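Peer 1: This is the structure, below, for whatever I ask next.
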Amino acid sequence: MKVCKVPGCCEWATRTWATVPLCQAHRDAIEREHVKYYWGHITADNRVTYKLIWRYTPWYRLEERRRSRDLGR
Ligand SMILES: [Zn+2]
């Protein structure tokens, strides 16, 4: 079993979100942020929980790759 990936959180991960292990509370939080963001109620900056685990998502690696390619130009 894995521990929740949110820094400082010591709860066991019960679910994953975008392949990132999260405890129930943080998964709920991130899902709420995602919905609010989707409907335009909050900006990307307000997705605080998401930002804490963003580096563990597959999108981070894609972004990194895109950035290094841009730098290489
Ligand atoms: Zn947690």
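No value in this document is a laboratory result; all are computed from the given coordinates. As the structure is a computational prediction, the values presented were derived from the model and not from experiment. Positions of Cβ are generated from backbone atoms using ideal geometry, with glycine treated the same way; all protein chains shown enter the neighbour counts.
Peer 1: Rank these for me by crowding, Ile53, Ile42, going from fewest to most other beta carbons within 10 Å.
Peer 2: Sorted ascending by nearby Cβ count, the order is Ile42, Ile53.
Peer 1: I'd like the isolated cysteines in the chain, meaning no second cysteine's beta-carbon lies under 4.7 angstrom from theirs.
Peer 2: Here Cys10 come out as lacking a disulfide-compatible partner, given the Cβ-Cβ threshold of under 4.7 Å.
Peer 1: Oh, and also: How high is the relative contact order of the chain, in percent, counting Cα pairs under 8 Å that sit 6 or more residues apart?
Peer 2: It rounds to 23 percent for the chain.
Peer 1: D for the chain, whole µm²/s, Stokes-Einstein with Kirkwood Rh over alpha-carbon pairs at 10 °C and 1.306 mPa s: what number?
Peer 2: In µm²/s, the coefficient rounds to 120.
Peer 1: Quick one: dipole size for segment 15-71, taken about the Cα centre, charges +1 on Lys/Arg Cβ and -1 on Asp/Glu Cβ, in debye to the nearest 20.
Peer 2: The dipole magnitude comes to about 180 debye.
Peer 1: Going toward the positive end of the dipole of the chain, with +1 on Lys and Arg Cβ and -1 on Asp and Glu Cβ, which of Met1, Pro58, Thr43 do you reach last?
Peer 2: Of Met1, Pro58, Thr43, it is Pro58.
Peer 1: For Cys10 and Trp39 in the same chain, what is the full-extension length gain: residue separation times 0.36 nm, less their Cα-Cα distance, in nm?
Peer 2: 7.3 nm
Peer 1: Quick check on the chain: helices-only [θ] at 222 nm, where DSSP H runs of length 4 and up contribute -39,500 (n - 2.57) each and the sum goes over total residues. Nearest 500, please.
Peer 2: -15000 deg cm²/dmol
Peer 1: Roughly what angle does helix 58-71 make with the longest principal axis of the chain, taking Cα atoms, 0 to 90 degrees, to the nearest 10?
Peer 2: 20
Peer 1: By a straight-distance test (C-alpha under 18 Å), which lysines pair with Lys36 as possible cross-link partners, with residues fewer than eight away in the same chain excluded?
Peer 2: Lys51
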